[in-house]
Structure formats: C-alpha cells, structure tokens
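Asker: Just passing along the structure, written as structure tokens.
The values are calculated or read from the model by the stated rules, or taken from the named source; none is laboratory data. From a predicted model like this one, the values you see are computed outputs, not experimental measurements. Cβ: placed from backbone, ideal geometry, glycine included. Neighbour counts: every protein chain shown. Protein only, heavy atoms only, side chains kept; ligands, DNA and RNA dropped before computing areas. Shrake-Rupley method; radii C 1.70, N 1.55, O 1.52, S 1.80 Å.
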Amino acid sequence: MGKTFKTIDEAVIRFAGDSGDGMQLTGGRFTETTAIVGNDLSTLPDFPAEIRAPAGSLAGVSAFQIKFSSKDIHTPGDKPDVLVAMNPAALKVHRNELIPGGTMIINTDAFTKKNLKFAGFESNPLEDGSLDDYFTIIPIEMNKMVTAACEGIEMSPKLIGRTKNFFALGVLFYMYDRPLDATEAWLKKKFKGKDAIIEANTRALNAGYNFGDTTELFMTRFKVEKANLPTGTYRNMNGNLATSLGLLAASEKSGLDLFYGGYPITPASDILHTLATWKHFGVQTFQAEDEIAGISSVVGAAFTGKLAVTATSGPGIALKGEALGLGVITELPMVIINVQRGGPSTGLPTKTEQSDLNQALYGRNGEAPLPVIAAATPGDCFFAAYEACKIALKYMTPVILLTDGYLANGSEPWKIPNVDELEDIDVNFAQEKNSEEEYLPYLRDEKTLSRPWAIPGTPGLEHRLGGIEKAENTGHVSYDPDNHHKMVELRQEKVNRIQQDIAPTEIFGDDHGDMLVLSWGGTYGSCRSAVETLREEGNKVSHAHIRWISPLPKDLGEIIIGFKNVLVPEINLGQFLRLIRSEYLVDAQGLNLVRGRPISASTIVETVKKKLD
Amino acid sequence: MTDVQVPLLTKKDYESDQAVRWCPGCGDYAILAQTQKIMPTFGRKKEEFVFVSGIGCSSRFPYYMNTYGFHTIHGRAPAVATGVKIANPDLSVWVVTGDGDGLSIGGNHFMHVLRRNMDLNILMFNNRIYGLTKGQYSPTSEQGKKTKASPFGSIDYPLNPPSLALGAQATFVARTIDRWQKHLAEMMLRSYKHDGGSFIEIYQNCNIFNDHAFEEYTGVDKFDNVIELKNNEPMIFAKGTKGIKLEGSKATVVDMEKHSLDEILVHDESDLNLAHIIANWTTHPVLPEPIGVIYSIDKPSYNQEMVNQVEMAKKIKGTSCVQDLLNAGDTWVVS
Ligand SMILES: Cc1ncc(C[n+]2csc(CCOP(=O)(O)OP(=O)(O)O)c2C)c(N)n1
Ligand code: SF4
Ligand SMILES: [Mg+2]
C-alpha cells in the first residue's frame, strides 16, 4: 500500500466519548501497551462527576489523554495531536483543543440527528465543512465495522456496539505501531469465562488495526522510539495506588499495622478501595459514617499504637478540622491525605486543583501547626506517603499529605523501588516509667521535641490525654497563661525542627539567573517541562520544586536570592505565592489558572517569556 | 484477657491524682465512685481499661480514673473509641458521654456505633441539660423547659434515648440512676460482660442547672414511679402492689389486689418488640419509668468480625510483603 513510517519524538492523543463508551478503559489499555513498548508517558483522565449523565449529552463526555515520548517527559501534554471522538458531544467539547492540523478520528455512526441536536450542533460538522480547513478528519463507521467483524458471535447488537472502543484502540495501535497482544491477554483475563465478550472485543480490536492497514485514510504511520529511562524494572503507576503502596510500605518498615478510617469521596475513594483489599497485610479499613468519625477513629487508633491514616478531599478536610486540632494538641502520629479537587463546596469533584493549601496550613482553630508535604508526580505519591508516615512517627504529630485529582488518576512509568532501600522507620513504644514517680506522657526528646508513645495495655503507664491545654511533661490540665504561651510556641517549634529531615532543595538549572520557577505539588511536571524548553532556548531560567510546605526547607531563602524574578505557577489564586512573599519578603509573581485542569507547560513558557521581555 | 492472675486492686488504685472538679452535690460524683469501686472486681488488668469521653461536665470523667483515658472533642467519643477498639480489641473500652454530647452533636456517631455492635460500653450521663455550657436545654429536656436559651420555654420535643438505641440496632440497652448505687454497679457489670456494644443511660442529677429532674425516681415516691426490670420475672412495682398487663401492644397498670401474677407481663430481655414497648414508657404520664436491662442479645461484634476478616484474608491469600505487591502487575525491564 506504500505506507510510510515517520519517527517522531512524542505524541499526544486524547480519547473522548460518552461516559458509557469506555474511554477510561481504552486509555488505560493504550497506556499499558505504551509502557510495555518502553516510551515515557504521562496520562490525564478527565471524567464527569455524574455516574451516568444522559447518553450523548455534553455533561456526559469522558476523556483520557496520554502523552508518550522517546524522551523523559513530565506532563500529559497540552493539546492533542490526535482526537478520537466517539460522538458529537465529545467532538463539541474537545474540538478546540486539538492542535491546528491535528487528526480527528470520528465515529460517524454516532452522528445521528438526535445526538447532534443533543450536543448543540445546528448542522453536522462532518458535512458542513466547519472542521475541514483545520484538521485531518478520519470518519469511520465504527458501529457498522464492529457489527461486521462480530458476525456469527451470539451477542445482542447492543453489546456488539459496545466493542467500538476497542475498534478505535486498534486504529490507534496501528497508527503508532503498537502490538495488540497485551490487550488481547488483558481481555482474556478480565472477561474470563465470558468467551463471547472476549471474542467480540478481540475481533473489534483487530478490525480496527486492519482497517488502519487497508484504508487509504492513513498514509503515514508513526514510530515513537523507546525512551532512555534509567535502568530498572518498571510498571505503570497512578497516584492513588502509589499513595496506598507508600502507606503499606511504611507500615511494613515501621512494624505497625495500618489502620485506615475514612469516608468515601472523589477522588480519594480509591485509596480506601485499595487498602481494603490488603487485609492480609493486617490492614484494617474502617468505612466510617462521616469524615468526622473517620478522623476521630484515626485519633483513637493512633492513641492505641497503629499507623493511623485517613484520606479525603477538601470538603472532608473541612469536617476533620476539629479532630485534627485534637491530634495536634495530644501529639499523636497520623497521616491525613487530601486528594485535592475543585472547590469550594462540592465544586468540581472530578477535576484537579491546588486550592486546599491554605486549608492544610491554617484550616484549624487556634495555633495548630502541623507538617504539610505535597507529592509531585503520580509515582512520587509513594515516596511522599512514605515520608509523611516517617515524619509523623518520628515527631509524634499529624502530617497532612497533599495530592490532587490529576496526580491521583494520572499515571506514569514508575521504576519499582526496593523496599529494603527505603529509609528505616524506628518506632519504640514506651514500656517503662520515664521518671521516678510516674510516666510523663510529654517528656520530650531534645532533638525532635517528640514525646514518648505509651499505648493502652502497657502496665504501669496509665495516663490521660485530652484536648484541654496541658502542662509540660505531666500532661495535666493547665490553664496557666505562661504555660499556654509556652505550649503554643513549643508546638510550632516542633514542626520547625522537621527542617532537619528535609533533603536539600534541588535546583534544575543554574543557582542564579533571571527567573526561578517555583512549584509545589502536581504542577511539578508542567514547570519542569516549561523550564526545560526555556533553557533549551537559552533563557536563564531555573526550576525549584518544594516538597515540604510546612516547614519550608531551610535553604529556600538562599535559593530565591539567586534570581531576579520568581514565578509561582499554581492552580489556585496564589496560596503558595503569598506564603513565599511573606516568608522571604520577595516580590514573587503568580501564574494562577483555576480551570480544574493542570496548567500547561506552554502557558508557563509564554508567561516566563512575557515577564522576561 | 480476663481472669489471668490479676493482682487484687482496690478502689484507690483506680483513683487518679487529679482533684475532682464537679460542683458539690453533682450526680457525677456518685457515678465516678461506683465505677472506681466496681472496676477492680471485674478481674481484669487495670491497664486494659480505656475511658474515652467527649466534652461536657460528664466527659471530664477520664481525668479522674487512673486508667488509660482520652478526653476528646464534643460528640466524637464513640468514633475515637471505635478506633481504639479496632486497633486493640483486647481492651475494655468505655465511653463516657452526656445527653448533649452523645445525642445532639454526637448523635450520628452514637447511632452508628450501636448499629455496628462495636464492643464499647457507653455510659450516657443524662441530666437533661447542657451542664458545662451553663444550662441550655438539651435533646432530652422536656418541652417547655425554661433556660437561658429558652426564656419562653423550649419548643423542642425531647427524644427517648433507649428507643433511639433500639432503633439503631443496639444489642444491649439499660437504664439506671446515679443515686441507685447498687443498681448502677450491677448495670456496669452487665455491660462489661456483654460481648458487643452496650448502652447505659444514667439519670444524673445536675443540681446547679436542672435540680430534681429525677426526683420522681429517687425521692420518697420512687417505688410508685419506677419499675425495676428483671429478666423472666413478672413486671410488678410499687412494692408488689401494682403490675403491668399487656393487651395487644398496649400496656396498662393494674392493681395486684385484683389481678393474679400470671396475668402480668413477664420481662424478656431478648424480645425486641417488648423492648420497644418498654422503652416507650419513658416519661409516660401513667406507666412507671423502666429501670434496668431493657434489651440484651448476643450478636457478633464489629471488632470481632474485623479480626476474623483479617485472619481469613491471611489464610486465603497468605502473608506476603510489600515488595511482592510493588512487583505485581504488568512490569517491564529497562536495561
Ligand atoms: C464543637 C463544640 N461545640 C460546642 C461546644 C460547647 N459545649 C461544651 S459541652 C456542651 C454541652 C454538654 O452537654 P452534655 O453533653 O449534656 O454534658 P453535661 O455538661 O451536661 O454533662 C457544649 C455545647 C464544644 N465544646 N465544642
Ligand atoms: S453543672 Fe451540673 S452537671 Fe456540671 S458539674 Fe455542676 S452539677 Fe454537675
Ligand atoms: Mg447533659
């Protein structure tokens, strides 16, 4: 047929369709195969809050984007090169995001009068020429194709129609020269015992691939070579799974069983779901009646000597505030995970945001400081969760771990760490009195200011904890004004001491220059990509990423001084920015876009250039 | 954990070194004293008792017990205690709460902890008032109660704690009175022995903000106004002069001079329908106030089921290490 191969560095594709079209699953399969092929990759699932919005409606559009590359990449990409649109609504929602000249693969069978109207099209965009000037359109009658491919299989036409996502997947596998075997094996495992379903989807997948091969519509196929990743064994990893694994690793390394108490909420629920399957690791999961009970049970379990954890999202953190204060004043180790989503109130439950930073830092009554760590990438959630547990246990304090919807559901190839090489976590329960007469629950370690941990059941160490201000050492109730002032300072000082455990801040680029891009949390990838681009173009721009936000790293002030400008991109109205400005008295500037999506690298590049002009 | 060479302890051993700060004459004193007295008789190691409370006068209780204790936040004691009990099911966990703490701000947790049959011993000090915040009406205050927050009388209707507990599927529901020292101790022992969640409502006099609230049941006429429930025994009260007859689901008080014992309703702690009927006699204009164990059945506890699940999972899936989990799934090697 005279088809040619073109080798490219990277590609961005987006699958979009109705919630019922299986776009997340299709994206997941493409991701898995792309990982196996050896590309670096990054994904961005984007699904609606409604479980079953009316079929064909704009609200019901679900999408999955993946960027894959032969180079080291950090983001799921900005604008897709290829858009797969399974119905008019998907086309409507996503058409403006495709790069000019990009390819649209469209299931024309879904472009019925009814669906077009539902999506708000007055005329059929496939016929009225509105797309032709800008994009390469590949119209495919997918329903007809799969019907033909599945002839002879005893299955309702409706079920056969459902295999069209695998047809689309086959087309993309052809375009980007990817093997089908991993997907075929997956189908066999997933639908074990349901032979007709396996057969139908396998045929649809192959039909898509073969369609690509025979049609004249594709004359060029693309090759994306293996990425040059550090050696090791890899798997694909998303943020919520990484978080769960990080907690479990900390449980194993500390020798403490994991207790999880929480209440379901998007996008954090998968942590509960995952941990619930790990009972054989001694994990106890308690689905509480609300977030207040969730965190309260965590406080109780922490008092009783467990590695106690809860995960939620912003609205849940709002409910947990009072009990968190109790954790702070009684100095109990626990980890509170906020998988941030769009707010306020219910906000955008399935979209990402970084707007709960202030809530994490300040969202409690009284002076209630606690350490806050934020994960940078989906895979980093593992290490951040591990570190959160380690600090909680070492300093006897609640720790907040911030991730977000993008990290939680996004994925990347992840080099599997060796558990033996993770830093040890030492836990020593108090066994004996630590003073002549009595056990002093608040007698502190000089270096960390951490207090001993005597758990119920230990003979002779009976003591009482409480939320009323306490006297040093004994923990007895104290209303003394000077004592209170001392305690307030002490609790802050304890958090500050964690600086001794924070690794030096890495600077990507030179330690001085025209601009420092300063990021925290999930904007890491976009910032790193943007700074790579800017540096390649010769700009004196560097990137520093902050992991511990409370306390901030010791060296940050020094680093900031090396730059003429500081830019803080974040998906909020400048919460980290204000912290940086007030801590370091620097005229840092913000790049703030709160659209429920990651800030794109190109936006950061443009902003930096404009500021440097 | 029980009955293993426990050193003989006394009431003194259960008294902490903290000065008790309730108002003189408060009913809480009697409950504390009785608790400190009865605990050593349970034959359990002291370090295995944990007292968890919320906020309120009553919730200061753990500070005065020389056991493990946790004075938490308003309404959340059942949830904190849940964490304690799941984390270590071998502990004997006691929740001390008030009518405001347990039924108002903490009503949700109260209901769910009973629903799950979490093996906690819940002592609710019901003084039908908010004591600590200086005397506002509570969810158990009678309608029309004049307080600082309801100068014209409260327009709230009160709820009935045992009925609520039964509706929440509690497996042990009892009521006692601060002044009934022996009975109080007996109820606590029953609660301790009950394998599952237990709820004891304790009528407690707040002599500062709601004095004499339970005068009817503690004063000179008490025998006429109270029926002490005894399992499998006919329901007679007023020193044997009155009894209760059940016609359909309607209970009536009858004169024992005119009726024979076998006409009288016999208490059955395991009968849920009967328990609901009895619970409804609370503050009834005609029927006596039921005191004692209203309901008690055996049912596997949440904490035990949790232990079983973990054990079963270990048996089925075997033990493995995190590294195995990390290495699982589709992996590939970059060399
Ligand atoms: C979140 C919160 N809201 C309000 C209060 C104030 N408060 C403390 S105790 C209490 C009521 C206590 O009543 P009850 O539980 O009946 O206990 P009692 O003092 O009567 O024993 C209130 C409203 C508080 N401590 N915390
Ligand atoms: S206010 Fe009432 S309940 Fe509180 S200590 Fe005083 S008498 Fe007891
Ligand atoms: Mg009260």
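Asker: Please work out the ratio of the alpha-carbon Rg of chain B to 2.2 N^0.38 Å and round it to two decimals.
Answerer: Details: Rg = 22.5 Å, N = 335, 2.2 N^0.38 = 20.0 Å.
Relative to the 2.2 N^0.38 Å estimate, chain B comes out at 1.12.
Asker: Could you run the Debye sum over the Cα atoms of the stretch A:257-378, one equal point scatterer each and no solvent, and tell me log10 of I(q)/I(0) at q = 0.10, 0.12, 0.22 Å⁻¹, two decimals?
Answerer: Debye intensities relative to I(0), on a log10 scale: -0.28, -0.40, -1.35.
Asker: So, one more: Given A:121, A:250, A:334, which one lies farthest toward the positive end of the charge dipole of chain A, if we put +1 on the Cβ of every Lys and Arg and -1 on the Cβ of every Asp and Glu?
Answerer: Going by the charge dipole, the pick is A:121.
Asker: Relative to the longest principal axis of the C-alpha atoms of chain A, give the angle of the C-alpha long axis of helix A:380-395, reported between 0 and 90° and rounded to the nearest 10°.
Answerer: 10
Asker: Let a ≥ b ≥ c be the square roots of the eigenvalues of the Cα gyration tensor of the stretch A:4-224; is it rounded (a/c under 1.5), or, if not, prolate (a/b larger than b/c) or oblate?
Answerer: rounded
Asker: Under 21 Å Cα-Cα from residue B:145, which lysines qualify once same-chain neighbours fewer than 8 residues away are excluded?
Answerer: Answer for residue B:145, where 21 Å is the Cα cut-off: B:134, listed by chain and number.
Asker: For residue B:239, which aspartates and glutamates qualify as cross-link partners when the Cα separation must be under 16 Å and same-chain residues fewer than eight apart are set aside?
Answerer: Partners found: B:216, B:221, B:224, B:228, B:255, B:257, B:289.
Asker: Kindly express, to the nearest 10 degrees and within the range 0 to 90, the angle between helix A:23-37's C-alpha long axis and the longest C-alpha principal axis of chain A.
Answerer: 90
Asker: Averaged over every viewing direction, what's the projected area of the C-alpha convex hull for the stretch A:66-174? Give it in nm², one decimal, please.
Answerer: Values: hull surface 33.0 nm².
Averaged projected area of the stretch A:66-174's Cα convex hull equals 8.3 nm².
Asker: Regarding the stretch A:380-450, what whole-number volume in Å³ per residue does the convex hull of its Cα atoms give? Don't skip to the answer; put the middle values down first.
Answerer: Values: hull volume 8.1 nm³, N = 71.
About 114 Å³ per residue, rounded to a whole number.
Asker: Would you work out which of B:120, A:395, A:435 lies farthest towards the positive end of the dipole of the protein assembly as shown, given +1 charges on the beta-carbon of Lys and Arg and -1 on that of Asp and Glu, about the Cα centre?
Answerer: Of the options given, the answer is B:120.
Asker: For the stretch A:507-612, what ratio Rg/Rh do Cα atoms give with a Kirkwood hydrodynamic radius?
Answerer: Values: Rg = 12.4 Å, Rh = 13.4 Å.
That ratio equals 0.92.
Asker: With axes computed from alpha carbons, what is the tilt in degrees of helix B:77-87 against the longest principal axis of chain B, rounded to the nearest 10 within 0 to 90?
Answerer: With rounding to tens, the tilt is 40 degrees.
Asker: How many percent of the alpha carbon pairs in the stretch A:428-501 exceed a separation of 20 Å?
Answerer: Numbers: 952 of 2701 pairs.
Looking at the stretch A:428-501, the distances longer than 20 Å represent 35 percent of pairs.
Asker: Still on this structure, please answer the following. Quick one: compute the contact order of chain B, relative version, from alpha carbon pairs under 8 angstrom and 6+ residues apart, as a percent. Spell out each step's value before the answer.
Answerer: Details: 678 pairs, mean separation 47.6, N = 335.
Computed value for chain B: 14 percent relative contact order.
Asker: In addition: Report the far tail of the P(r) of the stretch B:205-300, meaning the percent of Cα-Cα pairs longer than 19 Å.
Answerer: On the way: 1931 of 4560 pairs.
Above the 19 Å cut-off, the stretch B:205-300 has 42 percent of its Cα pairs.
Asker: Also: Straight-line reach only, C-alpha to C-alpha below 16 angstrom: list the aspartates and glutamates that residue A:144 could link to, leaving out same-chain residues fewer than 8 apart.
Answerer: Reachable aspartates and glutamates: A:21, A:109.
Asker: Do you know the relative contact order of the stretch B:78-127, to the nearest whole percent, from alpha carbon pairs under 8 angstrom that are 6+ apart?
Answerer: Normalised by residue count, the contact order of the stretch B:78-127 is 48 percent.
Asker: Filter the trypsin sites (Lys or Arg not before Pro) in the stretch A:36-112 to those in DSSP coil with at most 10 other Cβ atoms within 10 Å of their Cβ, and list the result.
Answerer: When the trypsin sites (Lys or Arg not before Pro) of the stretch A:36-112 are filtered for loop state and at most 10 Cβ neighbours within 10 Å, A:52 remain.
Asker: Continuing with the same structure: Quick one: compute a quarter of the convex hull surface over the Cα atoms of the stretch B:96-224 and quote it in nm². Before the final figure, lay out each step's value.
Answerer: On the way: hull surface 32.1 nm².
Seen from a random direction, the Cα hull of the stretch B:96-224 projects 8.0 nm² on average.
Asker: By the gyration tensor of its Cα atoms, with a ≥ b ≥ c the square roots of the eigenvalues, what is the shape of the stretch A:165-256: rounded for a/c under 1.5, prolate for a/b over b/c, or oblate? Provide the component values of the computation, followed by the final result.
Answerer: Values: a/c = 3.78, a/b = 1.69, b/c = 2.24.
Cα axes put the stretch A:165-256 in the oblate bin.
Asker: What FRET efficiency comes out for residue B:6 versus residue A:58 if R0 is 56 angstrom and r is the Cβ-Cβ distance? Round to the nearest 0.05.
Answerer: Details: r = 69 Å, r/R0 = 1.23.
With R0 = 56 Å, the Cβ-Cβ based efficiency is 0.20.
Asker: Taking the full set of protein chains and a 1.4 angstrom probe, give the accessible area of residue A:595 in square angstrom, rounded to the nearest 10.
Answerer: 140
Asker: Expressed as a whole percent, how much of the Cα-Cα distance distribution for the protein assembly as shown exceeds 58 Å?
Answerer: Working: 100742 of 448878 pairs.
So the portion of pairs separated by more than 58 Å is 22 percent.
Asker: For each pair in A:190/A:253; A:279/B:193; A:67/A:92; A:92/A:610; A:253/B:45; A:67/A:164, compute the distance between the two Cα atoms and list the pairs where it is over 24 Å.
Answerer: Violating the 24 Å limit, Cα to Cα: A:190/A:253; A:279/B:193; A:92/A:610; A:253/B:45.
Asker: Can you give the Kirkwood hydrodynamic radius for the stretch A:559-607, in Å, rounded to one decimal and based on Cα pairs? Walk me through the numbers on the way to the answer.
Answerer: Details: mean 1/r = 0.0874 Å⁻¹.
When all Cα pairs of the stretch A:559-607 are included, the Kirkwood radius is 11.4 Å.
Asker: Separate question: Roll a 1.4 Å probe over the protein heavy atoms and report the accessible area of residue A:511 in Å², nearest 10.
Answerer: Approximately 100 Å² for this residue.
Asker: While we're here: Using a 10 Å cut-off on Cβ to Cβ distances, tally the other chain neighbours for every residue of B:309-316 and report the average as a whole number.
Answerer: Details: counts 5, 7, 3, 2, 7, 4, 1, 2.
Whole-number average of other-chain Cβ neighbours for B:309-316 is 4.
Asker: Right, another one. Over chain A, what relative contact order in percent results from Cα pairs under 8 Å that are six or more residues apart? Present the calculation step by step, with values, prior to reporting the outcome.
Answerer: Values: 1347 pairs, mean separation 72.0, N = 613.
In percent, rounded to a whole number, it is 12.
Asker: What net charge is computed for the residues neighbouring residue A:130, neighbours being all others with C-beta under 13 Å from the C-beta of residue A:130, Lys and Arg scored +1, Asp and Glu -1?
Answerer: Surrounding charge for residue A:130 is -3.
Asker: After finding the eigenvalues of the alpha carbon gyration tensor for the stretch B:1-111, what semi-axes result from the square roots of 5 times each, listed largest first in whole Å? Please list the in-between numbers first.
Answerer: On the way: eigenvalues 106, 72, 19 Å².
That gives 23, 19, 10 Å for the three semi-axes.
Asker: How big is the antiparallel share of DSSP beta bridges in the protein assembly as shown, given as a percent to the nearest 5? Write down the numbers at each step before the final one.
Answerer: Numbers: 48 of 132 bridges.
Here the share of antiparallel DSSP bridges comes out near 35 percent.
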